[in-house]
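Before any comments, here is the structure.
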Amino acid sequence: MYLSNRKNARVALWLRCIAALLLAVPGVSLAQTITEYVIPTANCRPFSIVTGPDGALWFTEWVGNKIGRITTEGVFTEYSLPNPDSTPIWIKRGPDGALWFTEQNGNRIGRITIHGEIVEYPLPTPASLPWNLGVGPDGAFWFTQKASLQIGRITTEGAITEYSVPLPPWDIAAGPDGALWYTERSSNQVARITTDGVVTNQYDVPTPQSGPDMIIAGPDDMWFTEQYGTKIVHLTISGELTEYAVPTPNSQPGGITIGPDAALWFTEHTGNKIGRMPRTHVFTEYLVPTENSDPMVIEPGPDGALWFTEFYGNKIGRITTPE
């Protein structure tokens, strides 16, 4: 018994030493847990996700034509959209206590309350392909229209204004300078538009054909992903760009957010991973359990974890932050 205890103690010490060495190596972590929840509607293609005012996570079902809701305990509720084939894409929390979303094929902006009541607002320009949206500094939602060279604005009362832009807009987010910043995927640029609808600056991304994708405001200016350049990019308000290469080649980083740990978290579509980059710019990547799940959008949850959609995995994932 004594020898057995001594042996167990040596094994435990050895394991602790190995763990310490692993944790000291960039890119390796033993502390993260990923949990996956299967969405009731099969092949619904979940895309975007956001924390709602009710403490649950709300997400879009691109093919399922629904808005989904999942509690932090993993309980689902789904709400069908009034019109078929609307293809809801992005969903964001509004200043009015509701959730707002874009309908790509429906050419509408939708609003859903936490009780599942849905109102839709048709866009003035037909077939404009609305994509992402975000709350601007003026309290209205601003959204990109990929097919019409426009950026739209909608108030919480449903009044819509459209502004022409020089190049096709993709993703959009409010910046710390009182303007909106958006990516131009096809032209490999990032641009700035004021709340008066005036495009004031356009900046070239250093990596050619990088596919600038999703953009967010960070604690210090703006950050965005390069889907084909496989990089995370820091953009200052003055237009200086710094690129950081993601360790996994051709992993196609997409969704990006700031976690409760103040680090940048992002999805890797083809890499099938969740990535993390703190201020030290040392990357860590976590493999999603479901193969070829295509993690899409990631957002902080109300429980201190991060939640993400699995476009092909047909699941909602949850990953804990470092201990």
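The values are calculated or read from the model by the stated rules, or taken from the named source; none is laboratory data. Computed from a predicted structure; not experimentally measured. Ideal geometry is used to build each Cβ from the backbone, glycine not excepted, and the neighbour counts take in all protein chains shown.
The strands (runs of 3 or more DSSP E) found entirely in segment 103-201 that carry 3 or more residues being of a type outside the set (Gly, Ala, Ser) are 108-112, 118-122, 130-135, 141-145, 150-154, 160-164, 180-184, 189-193.
How many residues are within 15 Å of MET277 (Cβ to Cβ), crowded, with 17+ Cβ neighbours inside 10 Å and of a type outside the set (A, V, I, L, M, F, W, C) when one looks only at segment 204-220?
Residues meeting the conditions: 1.
Of all residues in segment 51-80, those that are in contact (Cβ under 8 Å) with a residue 60 or more places away in the chain have Cβ atoms under 7 Å from Cβ atoms of residues that are in a loop (DSSP other than H, G, I, E, B) and among the small types (Gly, Ala, Ser), 6 or more apart or on another chain, in THR51/GLY301; PRO53/GLY97; LEU57/GLY301; ILE70/ALA56; THR72/GLY301. From the list GLY229, GLY239, GLY271, the one residue that fits, being closer than 18 Å to TRP181 by Cα, part of a loop (DSSP other than H, G, I, E, B) and not aliphatic (A, V, I, L, M), is GLY239.
Scanning segment 283-298 for residues that are of a type in the set (Asp, Glu), farther than 16 Å from THR33 by Cα and touching a residue at least 24 places away in the same chain (Cβ under 8 Å) yields a total of 1.
Within segment 142-165, can one find any residue that is under 21 Å from the mean Cα position of the chain (by Cα) and more than 19 Å from SER128 (Cα to Cα)? No: zero hits. Here ARG185, ARG276 are screened, and the one residue that is closer than 22 Å to ILE49 by Cα, in contact with a Lys or Arg (Cβ under 9 Å, 6 or more places away or on another chain) and either of a type in the set (Lys, Arg) or surrounded by fewer than 23 Cβ atoms within 10 Å (Cβ to Cβ) (or both) is ARG185.
Residues GLY110, GLY94: which one is touching a residue at least 24 places away in the same chain (Cβ under 8 Å), in the same structural domain as ASP177 (by TED's automatic domain parsing) and within 21 Å of GLY175 (Cα to Cα)?
GLY94
Look at segment 74-95 and say how many of its residues are of a type outside the set (S, T, N, Q), crowded, with 16+ Cβ neighbours inside 10 Å and outside any strand (DSSP E or B). Number satisfying all stated conditions: 2. Per the listing ARG6, ARG45, ARG10, ARG16, the residue uniquely on the phi > 0 side of the Ramachandran plot and either in the same structural domain as PHE283 (by TED's automatic domain parsing) or at pLDDT below 95 (or both) is ARG45.
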